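Q: Attaching a single structure in structure tokens format; questions to follow.
The values are calculated or read from the model by the stated rules, or taken from the named source; none is laboratory data. This is a predicted model, so every value here is computed, not measured. We place every Cβ from the backbone using ideal geometry, glycine too, and count neighbours over all the protein chains shown.
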Amino acid sequence: MFNIKIFDKNKTFKPKKGFSKGTKRHDLHRHAKATLGSGNLRLAVALPEREDLNEWLAVNTVDFFNQINLLYGSITEFCTPKTCEVMSAGPKYEYLWADGESVKKPIKVSAPEYVEYLMTWVQNILDDETIFPSRVDVQFPKNFQTIVKNIFKRLFRVYGHIYYSHFPKIVSLGEEAHLNTCFKHFYFFIVEFNLVDKKEMLPLQDLIDNLTKTNN
Ligand code: ZN
């Protein structure tokens, strides 16, 4: 069991996204949570039988966003423009921010600014009814999976940054096992649906090899 006390619900970085009760997506969210409880992460990420892939991607995108939000929220006071001048995952990987819309030309910002841009960008997409429709009778856009891939690619970088720049803090908070489980779940989901290019995952390749030695 991981240490509960650090999970102050008010401490999420951005407000938590929810699902309306009685909806298909709420059921899927509960299904995802229940299978996760079984402890087999590979099984937990699989598309449930007879379910729609886009619905499953939508539910999990929101859940992973909330989870990363919470994880980053727990170290946000230690990730400052001073400690983390650039958004990086170790010395070899630096990230510039651009969303292709309001920021077309990549800009160099500190890690906390980058994460702020990133989480706001994801949140706006999740709140966009034309991309993540809350009504089941409204169809997902044709480029939905491309958008989801882009979200996962960028969320991956937050894990990269936490592991490279804030792991000792995570350990001192007693959050290490929890972080590893969250990341492993995230990684298995990415692999199951081929959401992120291998080269984007290189910064954490050693960790991935280590965490996936066992089969669950
Ligand atoms: Zn940082």
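Q: If you check LEU118 against the conditions, is it of a type in the set (A, V, I, L, M), buried (at least 18 other Cβ atoms within 10 Å of the Cβ) and within 14 Å of the ligand (Cβ to nearest atom)?
A: Criteria met by LEU118.
Q: Give the number of residues within region 160-213 that are assigned to a loop (DSSP other than H, G, I, E, B) and away from the ligand (no atom under 16 Å from the Cβ).
A: 8
Q: Return the pair list, or none, for Cβ contacts closer than 8 Å from residues in region 91-115 that are within 17 Å of PHE156 (Cβ to Cβ) and within 15 Å of the ligand (Cβ to nearest atom) to residues that are aliphatic (A, V, I, L, M) and part of a strand (DSSP E or B), at least 6 apart or on different chains.
A: Final answer for the pair search is GLU94/MET87; TYR95/MET87; TRP97/MET87; TRP97/ILE107; ALA111/MET87; TYR114/MET87; VAL115/MET87.
This table checks each residue for (1) modelled with pLDDT under 95; (2) touching a Cys at 6+ places or on another chain (Cβ under 7 Å); (3) buried (at least 16 other Cβ atoms within 10 Å of the Cβ).
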{"site": "ARG42", "(1), (2), (3)": "yes, no, no"}
{"site": "PRO48", "(1), (2), (3)": "yes, no, no"}
{"site": "GLU51", "(1), (2), (3)": "yes, no, no"}
{"site": "SER74", "(1), (2), (3)": "yes, no, yes"}
{"site": "CYS79", "(1), (2), (3)": "no, no, yes"}
{"site": "THR83", "(1), (2), (3)": "no, no, no"}
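Q: Right, something else. Test each condition in (1) more than 16 Å from the ligand (Cβ to nearest atom); (2) assigned to a helix (DSSP H, G or I); (3) not aliphatic (A, V, I, L, M) for ASP137 and report the one that comes out false.
A: (2)
Q: Could you go through region 143-166 and let me know if any residue there is touching a helix residue (DSSP H, G or I) at 6+ places or on another chain (Cβ under 9 Å) and exposed (fewer than 13 other Cβ atoms within 10 Å of the Cβ).
A: no
Q: Search region 72-89 for residues being closer than 22 Å to LEU202 by Cα and in contact with a His (Cβ under 8 Å, 6 or more places away or on another chain), and hand back the single one that is farthest from the ligand (Cβ to nearest atom).
A: Among residues in region 72-89 that are closer than 22 Å to LEU202 by Cα and in contact with a His (Cβ under 8 Å, 6 or more places away or on another chain), the one farthest from the ligand (Cβ to nearest atom) is ALA89.
Q: Do you know which of the residues in region 112-142 that are charged (D, E, K, R) and farther than 12 Å from LYS14 by Cβ is farthest from the chain's Cα centre (by Cα)?
A: Filtering region 112-142 for residues that are charged (D, E, K, R) and farther than 12 Å from LYS14 by Cβ, the one farthest from the chain's Cα centre (by Cα) comes out as ASP137.
Q: GLU113 is checked against (1) in a helix (DSSP H, G or I); (2) surrounded by 19 or more Cβ atoms within 10 Å (Cβ to Cβ) and fails just one. What number does that condition carry?
A: (2)
Q: Do the conditions hold for GLU51, that is, is it in a loop (DSSP other than H, G, I, E, B) and away from the ligand (no atom under 16 Å from the Cβ)?
A: It is true that GLU51 is in a loop (DSSP other than H, G, I, E, B) and away from the ligand (no atom under 16 Å from the Cβ).
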